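The block underneath contains the structure these notes are about, expressed in structure tokens.
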Amino acid sequence: MDLKQLRAFVSVADTGSVTRTATRLNLVQPAVTRQLQLLEETLGTTLFVRGRGGMAITDAGRTLLAYARRILDEVERARIEIQPSAGPVQGIVNVGILASVAQLLTPDLVAEVARHYPGIRLRLAVGYAGHLLKWLESGDIDLALTYAERQAQALHIKTLLSEPLWAVAPAGAGLRRDKAVALSRVARESFVMPAASQGLRAIIEQGAAAQKLELNVSVETNDLAVQKQLVRGGWGWTILPAVGVAEEVQRGELCAAPVTRPTLQRRLVLAVPAHRQPTDPVRCVTGTLIACVKAAVQGGRWTGAQWLAD
């Protein structure tokens with residue numbers, strides 16, 4: 001197995017055609033076919049089913065495809081970062097950001113990286129805490145702004161801020177941001193629960209257990225926009241970080257109030273893999289992301305957040 005074989009394989013998977021791959025890679029068709037044959041012989045399995053409609057990837061091929069993309073991506077990143085250059089820092093950096101704060105932070109991060117490090121190309125992955133931690137462990141992302149309930153041995157974690165969680169209800173429910181609402185009051189309503197992949201769910205469940213409360217869950221979802229849409233539609237109340245719902249509250253689409261008895265908060269952290277030495281581009285983007293978060297908190301744009309980092 002070599003890089004030429006992997007490039008041919010990925011290209012055929014993308015295009016579904018040996019002919020188009022040959023054009024893309026500036027090769028003759030028999031050369032592409034031979035690269036695929038060698039790869040299949042090495043792995044001892046069929047990667048494509050050849051038919052009149054083109055090249056249909058097999059289950060084995062789909063498994064290999066994820067690894068092949070990662071291998072080629074890492075090689076390209078290494079080439080960019082190793083090649084001597086008298087110019088600015090260059091490279092590709094994969095950044096993971098929580099869905100609840102992506103809208104607030106990504107415009108600032110993209111603008112600041114472009115201004116200070118024009119040679120760096122960002123790849124932004126938006127997800128929930130469970131997704132981000134898995135992507136960090138697998139090497140799919142280089143760093144993440146995420147929620148972490150506890151320290152993880154595989155990660156270096158820097159706590160950046162704490163933020164309040166709000167009870168969120170349909171616009172006519174009468175919640176006010178200047179008047180906290182007890183969790184026992186929230187528990188009397190139908191509840192739209194975040195999915196298990198969200199670190200937020202653990203905070204909610206722990207708070208309910210501490211007060212011996214049982215939430216009347218009407219529906220669960222792993223999508224923040226859907227969660228808010230269901231609340232707007234009257235399917236129940238929910239609990240979200242203030243920053244994730246501040247705009248809808250301001251527009252009068254939803255109402256919200258801080259949760260009390262117990263007070264619910266989450267801490268956001270900057271996480272990087274402990275086993276990987278960060279490259280110069282990763283260090284540059286990490287510093288920029290931290291600066292963007294701090295500016296949003298201290299500038300009052302991150303509703304209710306308290307800056308905790310030095």
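Summary of values
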item: Gaussian network model of the chain, Cα within-10 Å springs - most flexible of ALA274, ALA99, ALA169; result: ALA274
item: Cα-based convex hull volume of the chain per residue, rounded to whole Å³; result: 183
item: Of the trypsin sites (Lys or Arg not before Pro) in the range 275-310, those whose Cβ has at most 10 other Cβ within 10 Å and which sit in DSSP loop; result: none
item: Least to most buried among ASP178, ASP73 (fewest other Cβ within 10 Å first); result: ASP178, ASP73
item: Straight-distance crosslink candidates among lysines, where the alpha carbon sits under 21 Å from LYS134 and sequence neighbours closer than 8 are dropped; result: LYS158
item: Antiparallel bridge percentage (DSSP; both residues within the chain; nearest 5); result: 60
item: Calculated FRET efficiency for the pair ARG123/THR58, C-beta based, R₀ 30 Å, to 0.05; result: 0.60
item: The range 161-266 - share of DSSP beta bridges that are antiparallel (%, nearest 5); result: 60
item: Descending Cα extents along the principal axes, the range 161-266, whole Å; result: 33, 29, 27
item: From phi via Karplus (6.51, -1.76, 1.60), per-residue ³J(HN,Hα) for the range 223-228 in Hz, x at Gly/Pro; result: 10, 4, 5, 5, 4, 5
item: Separation in nanometres of the label points that stand 7 Å from Cα toward Cβ, at GLN153 and LYS212; result: 3.8
item: Amide proton proximity set for GLY96, modelled H, under 5 Å, gap of 5+; result: ALA125, ASP142, LEU143, ALA144, LEU145
item: Neighbour-limited loop hits for trypsin sites (Lys or Arg not before Pro), the range 1-102 (at most 13 other Cβ within 10 Å; DSSP other than H, G, I, E, B); result: ARG52
item: Proportion of all alpha-carbon pairs of the range 3-79 beyond 18 Å (%); result: 35
item: Which of THR19, THR288 has the fewest Cβ neighbours within 10 Å, and the rest in rising order; result: THR19, THR288
item: For MET1, MET193, order by how many other beta-carbon atoms lie within 10 Å, fewest first; result: MET1, MET193
item: GNM top mover of GLU163, GLU41, GLU76 - the chain, alpha-carbon springs below 10 Å; result: GLU41
item: From phi via Karplus (6.51, -1.76, 1.60), per-residue ³J(HN,Hα) for the range 279-290 in Hz, x at Gly/Pro; result: 7, 4, x, 5, 4, 5, 5, 4, x, 5, 4, 4
item: Kirkwood hydrodynamic radius (C-alpha pairs) into Stokes-Einstein, the range 30-166, 10 °C and 1.306 mPa s, D in µm²/s; result: 87
item: Value of [θ]222 nm, deg cm²/dmol, for the chain, DSSP H segments ≥ 4, -39500 (n - 2.57) each, nearest 500; result: -14500 deg cm²/dmol
item: Residue among LEU72, LEU160, LEU254 with the largest mean-square fluctuation in a Gaussian network model of the chain, springs linking Cα atoms under 10 Å; result: LEU72
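Bear in mind that the values in this text are calculations on the coordinates, not laboratory data. Computed from a predicted model, the values in this text were never measured in an experiment. All Cβ positions, glycine included, derive from the backbone under ideal geometry; neighbour counts span all protein chains shown.
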